[in-house]
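Engineer: Below: one structure in C-alpha cells.
The values are calculated or read from the model by the stated rules, or taken from the named source; none is laboratory data. Just so it is clear, the model here is predicted, and its values are computed rather than measured. Virtual Cβ from ideal backbone geometry, glycine too; neighbours counted across all protein chains shown. Keep in mind that these areas ignore ligands, DNA and RNA; they rest on the heavy atoms of the full protein, side chains included. Shrake-Rupley method; radii C 1.70, N 1.55, O 1.52, S 1.80 Å.
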Number of protein chains: 2
Amino acid sequence: METIKIGLIGLGTVGSGVLQMVENNQDKISNITGRQLSVKTIVVRNVAKHRDDVDTSRINLTDNLDDIVNDPEIGIVVEVMGGIHPAKEIITQLLTAKKHVVTANKDLIASAGEELTSIAQQNHCDLMYEASVAGGIPILRTIVNSFSADQILEVKGIVNGTTNYILTQMQQKNWSYADALQKAQELGFAESDPTNDVDGIDAAYKMIILSQFSFGTHLKLNEMKVSGIRHMQLLDVETAASLGYTIKLLGIARRINDGVFAEVGPVLVPADHPLATINNENNAVMVTGQAVGETLFYGPGAGGLPTANSVLSDIVSVTKNIVLGTTGNSFNNYQNQADHVKADEVVYPYYLSLEMLDIPGQMLKLTQIMTKIGASFSQIVQTKNDNPTDNQTARVVIITHDMSKTQLAELKDALEQKDTINLLAAYKVLS
Amino acid sequence: METIKIGLIGLGTVGSGVLQMVENNQDKISNITGRQLSVKTIVVRNVAKHRDDVDTSRINLTDNLDDIVNDPEIGIVVEVMGGIHPAKEIITQLLTAKKHVVTANKDLIASAGEELTSIAQQNHCDLMYEASVAGGIPILRTIVNSFSADQILEVKGIVNGTTNYILTQMQQKNWSYADALQKAQELGFAESDPTNDVDGIDAAYKMIILSQFSFGTHLKLNEMKVSGIRHMQLLDVETAASLGYTIKLLGIARRINDGVFAEVGPVLVPADHPLATINNENNAVMVTGQAVGETLFYGPGAGGLPTANSVLSDIVSVTKNIVLGTTGNSFNNYQNQADHVKADEVVYPYYLSLEMLDIPGQMLKLTQIMTKIGASFSQIVQTKNDNPTDNQTARVVIITHDMSKTQLAELKDALEQKDTINLLAAYKVLS
C-alpha cells in the first residue's frame, strides 16, 4: 500500500495528539483511504527539548523548515505552531512548494484565510482548518457538507472554552471573576496572559470563520463589536440566575435582511435553553437553517486529542482528494456579498444593571428616558448593593422588551447626562 | 451554466420539501457546485391526487417509472416512497440504468444497504442516504468525514421522534401511554398503526445504519434485542423521575473488546445528562470517540423540510462528485469484522420494578436471589401500588449496581420460580 508522508510543524499538545493519532489509527485510516499515513519530519524551535517525545530512529526531528519544504516525499504538512507570523509566511512557502496544508490556526485563517486559500488554489493544493473553530466539534465541514442547500439564518454559540469555564465557576460556586480566572489558570484552561480569551477576541476570530462558512461573507475583526467578560460582576451572574437566566459569552452571527450581523459578548440565556446547559470548557454551536430549523453541535472545545481529531479529519479528507485527484478545491466555496446591517435592524431584549442615587424620583427619571426613546421593560428588580458599606445608592436591574442598537445607544447617551444614574452593564437577552 | 436534471419518486411531505428546496435555493447551490439543479419528472402512484401540488407546465408528473429510468437527461433520482418493496427493485433498476440515487429509506438501507451499495459501485453510481437516520441531523456524513481517524467507542441516542414525543408527554403531563399515543396520533407524530415506532423497530433500523458507519459492522435486526415503549407504565416514569432520572427510548451501540453490542430499549437517563433534555419529537445522537471524547448532535428527527435538507445535502454531494468525476465511491467505506459480544460482557446498572405479595419475608427472598447471582443494589424504594383497590401486593423499585446480561437473565429465571414476586419491568440505567 502506498504511504503518504506527513510533515508536522509544532509539537505542543495538539501536535503530540496528531502524532499519536496517526500512529494509533493506521488500520482504520488505510481501511478508509487505501493509503498508509506516516509522520516523517517534525519541525520544532528547540530540538533538545523534544528529543524524548519522539522516536527519532523513525522520525526526523529538526529545527530546519527546509527539511519539510524541500522534501519531495512529504505531501501533507500540519501547522500547529499558532500565531499569525511567521505561520503565514511558512504556510505560503509550503503551498508554493505544492504541499497540502492542514492548520488549526484560527487567528491566521480569520485574518488571512482568503489570501491563503487563493495561494492554495493557484498551486492546486488543499488548505483545510477544521480544528480552527471549536476544537473537537466538526462544525465547519458539517456546514459545508450538510447545510449546503439550506439558507442558514443564524449561527451562534459558545466557542471559547476558557471564558465558559470561568462563567460556569462564577455561576455554580459564586466565585468572583478574579478567583475563577485564577482557578482556570491553575488548571491550564487559561493562559497567564488571558487577554485573547477573556476579551472575546478568540471567540470573534471563530465567528469570522463561522460567518464565512454560513453566509459566504468576509467580516473583519475591527468591524465587529466584541466584548468579553473581564468586567463581569458576580452580582450580575447571581441576579441573572434569580431571573431564570445563565450568562454565557456568545458569538452570534445572524442574517438580517441582506446583511450579516456578527457580535461577541455576554448574553443572558434562558436556563432551559440548550446553550445554558453547556458547562465548563465545553463548546457548542447552534445552527438555525430555514429548512432544517434548530440544530446543535456539542463537544470539547479544546484539548490535545479532540483538536487532533479535527486535524486528522482534514488529513483524511486531503488524502481522499489525493487518491481521487481532486485536490485544489477551496474548503469553503460559498461566496456572497452581504450588506452592512444598520443599528436599528439589530433588535434584542436587554438586561440593564443600573446604580442610582437612593433619593426619590430616580425611577421616574429612568422611566421618562425609556419612554422618550420608545423602549419599555418587562421586569424590574431592585437588588442588594455590591458594597455593604454603601447606603447612598441602590442597584436596579431591568429586563427590557425588544430594543434596537440605536435605542440602546440613545439610552446610554441619556444616562450619561444624568449624574444620579449610572449604567453598570448592558447585556443582550436571548429569547 | 450546465443543469443537472433530477427525478423524484414519491411526493409526500419529504418529496414536497425536496421540490421546494431545490426551487428556492438555486442561487446558493449553483454558487457552491457550479451547476443548476432542476426537478424534471416526478413519479407518483396517483397523478390526479397531486396535480395541484406541482407546476405541471414545467415538471412532468407521471405514474410511469420508465419516464425516469429511460430518460437519459435525468442524472440523479430521489426515492422518498418508503418501504422495502418495491423500493428495492426500483433502486436496483435505477442504478443499473446509471442513475445516481438518493434515498431516505432506513428500512431498505438497514436490510439491503450492502447489496445496493455493491450494485451502485458496479455501475459507478453514487448511493446516498443521509436522511435515513435522524431526519435533519447530519450524523452519517459527520461520522464518515469527521471521525474518520478516531476509534468510535459508542454511539447512542434518541433516534425515534414518535416515542420521544410520547415519553415526554408522559413525563411532563403525567399522561398514560395510551393518552400520549392518542395525542401523538392527533398531531401527526404517530401513525395510525404505530407498531414500527413504539416497538423500537424504526430505532433499531437506524442503529444498524449508525453501527455500520461507526464500527464498520453489518448487524441484522433479528440479532439485536429490541424493545419499545408499548408497555411503559406512568408509574415507572414517575418513580424514575423521583429518583432523578428521565426514561428515554435509547439506541445504544458500543464497542466491547473486539465486538459490537447494539440494543434498543427504554433506559433511565440521569436528569442532568444531555440526552435527558431532548424533548418531544426531537432527536439527538451522542458519539463518543477515543480521541475526541463526548460529542452530541441535536436537531429535528423528522418533518418534511428538515429531512429534505438531508436529502439535498446528498444531492449536492452527488453533484460535486459528478463535477469532479468521482462518483461510484461508497457513502461509507469503513468495513470491519466484529466478534459476537457475550452476555456477560454487557454490563449496566438496572432499574427493576417488582410487585410482591405484602407478607413478611419477601424482601429477604429477593435479597437471597440477588446475593446468589452476585448482584447488589444501590437504591430500593417501596412505592404506591398502581391499583388503589389492591392491598394484597406491594410495589418495590430497585436500582442495582452493575449487572451483566447473564446475571439479569439468572435473576429473571429465579423470580419466575417464585409465585410471590413478579418482575414488572427491567430497564438499563445510564451512569
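Engineer: Which of rounded, prolate, oblate describes the protein assembly as shown, given a ≥ b ≥ c as roots of the alpha-carbon gyration tensor eigenvalues and a/c under 1.5 marking rounded, otherwise prolate only if a/b is larger than b/c?
Structural biologist: rounded
Engineer: On to the next question. Ignoring ligands, DNA and RNA, what percent of the accessible area of chain B is carbon or sulfur (1.4 Å)?
Structural biologist: 46 percent
Engineer: Using the Kirkwood formula over every pair of different C-alpha atoms, what hydrodynamic radius in Å results for segment A:172-309?
Structural biologist: Result for segment A:172-309, one decimal place: 16.4 Å.
Engineer: Tell me, what is the 1.4 Å probe accessible area of residue B:278, in Å² to the nearest 10?
Structural biologist: 10 Å²
Engineer: Something else about it: Given R₀ = 35 Å, FRET efficiency for residue B:329-residue B:64 by Cβ-Cβ distance, to 0.05?
Structural biologist: Rounded to the nearest 0.05, the efficiency is 0.65.
Engineer: Provide the per-residue ³J(HN,Hα) series for segment A:6-11, in order, calculated from phi with Karplus coefficients 6.51, -1.76, 1.60 and θ = phi - 60°, each as a whole number of Hz, with x at glycine and proline positions.
Structural biologist: Residue by residue, segment A:6-11 yields 10, x, 10, 10, x, 9 Hz.
Engineer: To the nearest hundred square angstrom, how large is the accessible surface buried between A and B, total for both chains, probe 1.4 angstrom?
Structural biologist: 3900 Å²
Engineer: Report the Cα-based extents of segment B:346-429 along its three principal axes, largest first, to the nearest Å.
Structural biologist: Each principal axis gives a Cα extent; for segment B:346-429 these are 40, 23, 18 Å.
Engineer: About its Cα centre, what dipole magnitude does the protein assembly as shown give when the only charges are +1 on Lys and Arg Cβ and -1 on Asp and Glu Cβ, stated in debye to the nearest 20?
Structural biologist: Using only the charged Cβ atoms, the result is roughly 80 debye.
Engineer: Here is a further query. Starting at the first residue of segment B:370-380, write each ³J(HN,Hα) from the Karplus equation 6.51 cos²θ - 1.76 cosθ + 1.60 with θ = phi - 60°, in whole Hz, x for Gly and Pro.
Structural biologist: Rounded to whole hertz, the list is 4, 4, 4, 8, x, 10, 8, 10, 9, 9, 9.
Engineer: Also, I was wondering about something else. From the square roots a ≥ b ≥ c of the eigenvalues of the alpha-carbon gyration tensor of segment A:309-352, which class results: rounded (a/c under 1.5), prolate (a/b over b/c), or oblate?
Structural biologist: Working: a/c = 8.38, a/b = 2.38, b/c = 3.52.
It comes out oblate by the Cα gyration axes.
Engineer: May I pose another question? Using modelled amide H (1.01 Å from N, peptide plane; none on Pro or chain starts), what sits under 5 Å from the amide H of residue A:250, excluding residues fewer than 5 places away?
Structural biologist: A:265, A:267
Engineer: A further question on this structure: Per residue of segment A:259-276, what does 6.51 cos²θ - 1.76 cosθ + 1.60 with θ = phi - 60° give for ³J(HN,Hα)? Whole Hz please, x for Gly and Pro, Karplus curve as stated.
Structural biologist: Working through the residues one at a time gives x, 10, 10, 9, 7, 10, x, x, 9, 7, 10, x, 4, 9, 7, x, 5, 6 Hz.
Engineer: Also: If I model a spin label as a point 7 Å beyond the Cα along the Cα-Cβ vector, how far apart are those points for residue A:272 and residue A:417 in nm?
Structural biologist: For the pair residue A:272/residue A:417, the computed spacing is 4.3 nm.
Engineer: Counting only other residues whose beta carbon sits under 10 Å from that of residue B:149, what net charge do I get with K and R as +1, D and E as -1?
Structural biologist: Neighbourhood net charge equals -1.
Engineer: Could you please report the charge total around residue B:245, scoring K, R as +1 and D, E as -1 over all other residues with beta-carbon less than 15 angstrom from its beta-carbon?
Structural biologist: -1
Engineer: Quick one: which residues, 5+ away or cross-chain, put their amide H under 5 Å from the amide H of residue A:77? H built at 1.01 Å from N.
Structural biologist: Here the answer is A:7, A:100, A:101, A:102, since their amide H atoms fall under 5 Å of that of residue A:77.
Engineer: Right, something else. Answer rounded, prolate or oblate for chain B, using the Cα gyration tensor with square roots of eigenvalues a ≥ b ≥ c: rounded when a/c is under 1.5, else prolate when a/b is larger than b/c, else oblate.
Structural biologist: Prolate shape, in that a/c is at least 1.5 and a/b is the bigger ratio.
Engineer: Could you state the accessible area per residue of the protein assembly as shown in Å², with a 1.4 Å probe and every protein chain left in place?
Structural biologist: About 40 Å² of surface per residue is accessible.
Engineer: When the accessible area of each residue in segment B:143-162 is compared between its chain alone and the complete protein assembly (1.4 Å probe; ligands, DNA and RNA ignored), which residues differ by at least 40 Å², being lower in the assembly?
Structural biologist: The answer is B:145, B:146, B:148, B:149 - residues whose exposure falls by at least 40 Å² when every protein chain is included.
Engineer: Next question. For a quick check: with amide H placed at 1.01 Å from N, whose amide H comes under 5 Å from residue B:225's, ignoring anything fewer than 5 positions away on the same chain?
Structural biologist: B:264
Engineer: May I ask for the distance between the Cα centers of segment B:129-145 and segment A:270-311, given as a whole number of Å?
Structural biologist: Going from one Cα centre to the other spans 17 Å.
Engineer: Still on this model: What full-extension length gain, to one decimal in nm, is calculated for residue A:183 and residue A:358 as 0.36 nm per residue of separation minus the Cα-Cα distance? Working shown, then result.
Structural biologist: Working: separation 175, 0.36 × 175 = 63.00 nm, distance 3.66 nm.
Contour length minus the Cα-Cα distance gives 59.3 nm.
Engineer: Can you give the accessible area of residue A:115, probe radius 1.4 Å, in Å² rounded to 10?
Structural biologist: 90 Å²
Engineer: For chain B, what proportion of DSSP beta bridges, expressed in % and rounded to the nearest 5, is antiparallel?
Structural biologist: 65 percent
Engineer: Please give the length that would be gained between residue A:378 and residue A:118 if that part of the chain were fully extended, namely 0.36 nm times their separation in residues minus their C-alpha to C-alpha distance (nm, one decimal).
Structural biologist: Residue separation times 0.36 nm, minus the Cα-Cα distance, leaves 88.6 nm.
Engineer: Please identify every one of the trypsin sites (Lys or Arg not before Pro) in segment A:194-238 that sits in a loop by DSSP and has no more than 10 other beta carbons within 10 Å of its own beta carbon. Don't skip to the end; give the middle numbers.
Structural biologist: Details: sites: A:206, A:220, A:225, A:230; in loops: A:220, A:230.
Loop-located and lightly packed - A:220.
Engineer: If you add up the charges near residue B:289, with Lys and Arg at +1 and Asp and Glu at -1, over every other residue whose beta carbon is less than 10 angstrom from its beta carbon, what do you get?
Structural biologist: That works out to -3.
Engineer: While we're here: Could you sort A:395, B:254 by accessible area so the largest value comes first, with the probe set to 1.4 Å? Working shown, then result.
Structural biologist: Values: A:395 10, B:254 60 Å².
Result, largest first: B:254, A:395.
Engineer: Only four residue types carry charge here, +1 at the Cβ of Lys and Arg and -1 at the Cβ of Asp and Glu. Report the dipole size of chain B about the Cα centre in Debye, rounded to the nearest 20.
Structural biologist: Dipole of chain B, to the nearest 20 debye: 420 debye.
Engineer: My understanding is that a pair violates if its Cα-Cα distance is over 18 Å; which of B:206/B:342; B:225/B:412; B:206/B:248; A:5/A:98; B:342/B:405; B:49/B:88 do that in this structure?
Structural biologist: B:206/B:342; B:49/B:88
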